[in-house]
Amino acid sequence: MEGTLFPNRPSFPIPRTKSTQPNHPHVKFNPATLPLPPQSPSPPSLPLDSLLQHLLHFSSPTHKPKPINPPKTNLKKFSAVSVSQLEGSVEEAQSPDGSVEFLSRKGKFLLNSIVEHPLPGLNDFFDSVKFELLDVDLVSLLKGLDLSGNWKRAVLLFKWAILNLYSRNEKIDNQLVELMVRILGRESQHSVALRLLDEISVEEYSLDVRAWTTILHAYSRIGKYERAITMFEKMRKTGLSPTLVTYNVMLDVYGKMGRSWNKILGLLDEMRSNGLEFDEFTCSTVISACGREGLLDEARKFFARLKSEGYVAGTFTYNSLLQVFGKAGIYSEALSILKEMEKNNCPPDLVTYNELVAAYVRAGFHEEGADFIDTMIRKGIMPNAITYTTVINAYGKAGKEDKALSFFRQMKESGCVPNVCTYNAILGMLGKKSRLEEMIDMLCDMRSNGCAPNSVTWNTMLAMCGNKGMHKYVNRVFREMKSCGFEPNRDTFNALIGAYGRCGSQIDVVKMYEEMIKAGFTPCVTTYNALLNALARRGDWEAAESVILDMKSKGFKPNETSYSLMLNCYAKGGNGRGIEKIEEEIYNGHIFPSWILLRTLVLANFKRRALMGMERAFQEFCKHGYKPDLVLFNSMLSIFAKNKMYDRAHEMLRLIRESGLQPDLVTYNSLMDMYARGGECWKGEEILKGIQKSGGKPDLVSYNTVIKGFCRQGLMQEAIRTLSEMTISGIRPCIVTYNTFVAGYSGKGMFSEVEEVISYMIQHDCRPNELTYKIVVDGYCKGKKYKEAMDFVSNITEMDKSFDDQSLRRLTFRIREHMEL
């Protein structure tokens with residue numbers, strides 16, 4: 001079995017009994033006999049400034065890419081008319097193409113002049129024809145601007161009318177408000193619409209239900225859900241009856257706001273009592289709300305009730321149901337939904353297959369998800385940017401950045417044009433690994449494909465800056481984002497909370513949370529998860545528990561990410577009982593055992609070296625049909641190696657290959673560690689040599705592990721030989737390397753060699769730490785050499801002037817404790 005480590009090489013020989021007396025000359029631990037360690041690599045220059053400049057350049061309005069198909073206006077161009085000509089030419093005006101016949105002749109000339117006039121000076125033009133504008137039918141003029149594709153000019157005219165009519169104590173016409181709302185709603189200019197409505201106190205106007213519905217949709221789109229609910233109640237107080245579309249918008253509001261399942265059920269009952277029949281949008285919106293909060297049972301029950309009431313689900317509804325189970329990574333149930341669709345003669349569409357791809361990758365089946373694209377093509381459904389982006393994003397989250405980039409190239413070669421979501425996924429993936437030069441290349445590629453950065457691109461940049469010491473960059477990116485005209489939305493604030501949290505700036509975390517509330521955005525599960533993420537990095541599980549309690553008290557249901565972050569927080573903070581509490585809830589069925597949650601449970605138990613916890617979590621993971629990734633396999637192999645469970649470790653190695661994965665350096669380092677711990681140091685070195693012969697490059701951990709194996713067996717000359725090979729290969733020893741030698745020499749009672757190691761460390765800019773000296777003290781005390789131990793501690797400051805008095809006192813106290821035993 002051991003021969004399968006390197007398939008192209010013969011099986012490992014049975015470890016020979018090596019002589020403890022080396023045949024080669026004795027090498028001492030000093031600069032004269034050892035090769036000099038390589039210099040510490042200078043930190044790579046981080047071209048963050050360059051990256052930010054590129055993003056600024058591409059986000060600037062003057063550098064936005066030209067649309068491939070510029071919108072055509074409904075008006076033919078005709079020469080602009082001056083104000084002085086306007087009065088005398090009214091009778092001669094003709095409609096340019098018959099599309100604005102509802103306008104008077106004066107209205108047509110005004111429309112023409114507004115369209116032809118540059119935007120920056122339009123307000124001055126309005127002032128110059130003030131009386132003509134106030135005399136004309138503004139509703140028709142606004143409609144003409146809308147038909148000609150000039151919504152920006154329509155906004156300026158509307159704002160000008162507000163100012164001038166208010167100055168005459170006149171009120172804007174209801175129809176004008178309704179039309180402006182519809183124009184901006186159709187153009188998806190939700191923020192602009194709501195800012196305009198704030199200027200006129202929209203509650204004072206008798207708007208129709210269509211306009212109210214558009215306003216509610218605008219609030220929903222920008223994430224101001226509580227404001228939407230308030231406006232919905234005000235609309236009902238005016239005596240207007242909500243339409244099916246209005247109810248659908250409000251269902252979407254409650255679904256996105258979260259912790260509102262009972263509210264959703266209440267609205268559905270209200271719709272039934274009002275005699276409104278559910279449409280596909282109603283059903284899909286309710287099911288999608290379940291998916292956002294992991295309400296799998298609720299989604300099943302709702303869908304079952306629909307069918308029992310005679311509702312025939314369409315593709316749109318089935319796709320929403322697929323998304324619920326795909327998001328949870330339950331690909332088996334997703335496939336059963338597909339079968340039901342086919343049985344009911346409901347044709348799957350591109351969205352259906354995209355959801356199935358998502359279900360595969362969420363369950364860890366990345367390759368199967370990528371292969372499913374071929375299945376789509378064979379069935380005559382061409383994958384789109386969403387399909388490819390789903391797989392790219394999954395590879396990125398799995399740490400397979402190069403595979404994701406390769407798939408991105410495959411996407412472009414297939415003729416599928418990446419969209420802004422594709423680029424954002426890749427930028428986020430590269431940002432996590434600080435591959436900044438490649439991020440710049442991706443921004444350039446983005447621009448060359450005519451794809452402009454959006455607010456998510458900037459949010460990705462903010463998230464990337466969330467590392468210790470990058471606090472000022474977060475501030476700068478946020479400032480530059482706003483300077484480019486991107487208004488911060490709820491996702492922006494969530495990104496800021498997460499970034500400041502990772503920077504360790506708790507003051508800014510609180511400040512951003514308060515600013516988010518002040519800006520009118522409702523915190524959501526993602527907001528709480530951003531707070532939990534910051535606390536998990538510090539292991540502050542007590543504060544994290546408070547966040548979870550606050551979350552539940554406000555009606556939010558923690559999702560798989562929330563529980564995963566809590567597991568990480570408990571693991572970091574050393575709270576094993578906290579991990580066990582979540583374990584019990586998962587195994588008792590109170591928390592859904594998703595792919596990400598069970599994976600995190602394995603890794604959290606690994607951090608606390610809980611073998612039984614790891615084994616059970618891994619068994620549950622496999623029982624649910626999830627596919628382990630290499631990180632999970634390596635963690636299991638490592639825990640077996642640390643417990644000297646040779647057969648189980650090799651079983652994991654076999655499973656890695658059977659899963660279509662290839663062992664990596666972490667895998668081999670764990671095997672070397674197993675042999676080092678078991679006293680089979682030569683077998684550990686055999687693996688090291690095998691890595692080199694197969695074209696691999698051992699790292700610092702690899703060499704330290706082999707050195708540890710030799711030192712534990714007292715083979716100090718073999719350890720020094722390995723150190724020489726390591727430094728020749730360009731790897732600089734670290735404090736762990738030197739402490740391993742100190743432990744080896746101390747265990748053999750070779751204290752003069754210990755002092756040589758410490759002197760060598762100091763000469764080569766690796767300061768001994770307290771553990772270094774503690775190892776030596778323990779070595780003296782083990783041999784009952786208490787006086788020598790005291791002398792050694794007394795002389796530390798002569799060797800190492802940086803060592804502090806408090807540490808010296810602890811070492812002295814340690815010697816006295818040994819003497820009293």
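The values are calculated or read from the model by the stated rules, or taken from the named source; none is laboratory data. Since the model is a prediction, treat every value here as computed from it, not as a measurement. Glycine also receives a Cβ, built like all others from the backbone with ideal geometry; neighbour counts cover every protein chain displayed.
Against the condition under 30 Å from E560 (Cβ atoms), polar (S, T, N, Q) and surrounded by 19 or more Cβ atoms within 10 Å (Cβ to Cβ), how does N454 come out, does it pass? No: the conditions fail for N454. Each residue in segment 497-536 was checked for being among the basic types (K, R) and at pLDDT below 85, and 1 of them qualify. Restricting the first member to segment 166-180 and to residues that are aliphatic (A, V, I, L, M), and the second to residues that are assigned to a loop (DSSP other than H, G, I, E, B) and at pLDDT 75 or above, the beta-carbon pairs closer than 7 Å and six or more apart or on different chains are V177/L207. Quick check on my filter: what residues within segment 499-531 are buried (at least 24 other Cβ atoms within 10 Å of the Cβ) and touching a Gly at 6+ places or on another chain (Cβ under 6 Å)? Of everything in segment 499-531, those that are buried (at least 24 other Cβ atoms within 10 Å of the Cβ) and touching a Gly at 6+ places or on another chain (Cβ under 6 Å) turn out to be A499, A530. Applying the condition of being surrounded by fewer than 22 Cβ atoms within 10 Å (Cβ to Cβ) and more than 21 Å from S201 (Cβ to Cβ) to segment 224-245 and asking which residue is nearest to the chain's Cα centre (by Cα) yields V245. Considering each residue of segment 438-455, count those that are in a helix (DSSP H, G or I) and under 18 Å from V477 (Cβ atoms), and give that number. Looking only at that region, the number is 6. Got at least one residue in segment 309-317 being assigned to a helix (DSSP H, G or I), closer than 23 Å to P558 by Cβ and out of contact with any Lys or Arg (no Cβ under 8 Å at 6 or more places or on another chain)? There is no residue in segment 309-317 that is assigned to a helix (DSSP H, G or I), closer than 23 Å to P558 by Cβ and out of contact with any Lys or Arg (no Cβ under 8 Å at 6 or more places or on another chain). The listed residues are G149, G121, and the only one of them that is surrounded by fewer than 20 Cβ atoms within 10 Å (Cβ to Cβ) and on the phi > 0 side of the Ramachandran plot turns out to be G149. Evaluating I656 against the criteria (1) touching a Phe, Trp or Tyr at 6+ places or on another chain (Cβ under 6 Å); (2) surrounded by fewer than 24 Cβ atoms within 10 Å (Cβ to Cβ); (3) under 17 Å from C766 (Cβ atoms) leaves one unmet condition, (3).
Taken together, the criteria place A218 among residues that are closer than 30 Å to F278 by Cβ and in contact with a Leu (Cβ under 6 Å, 6 or more places away or on another chain).
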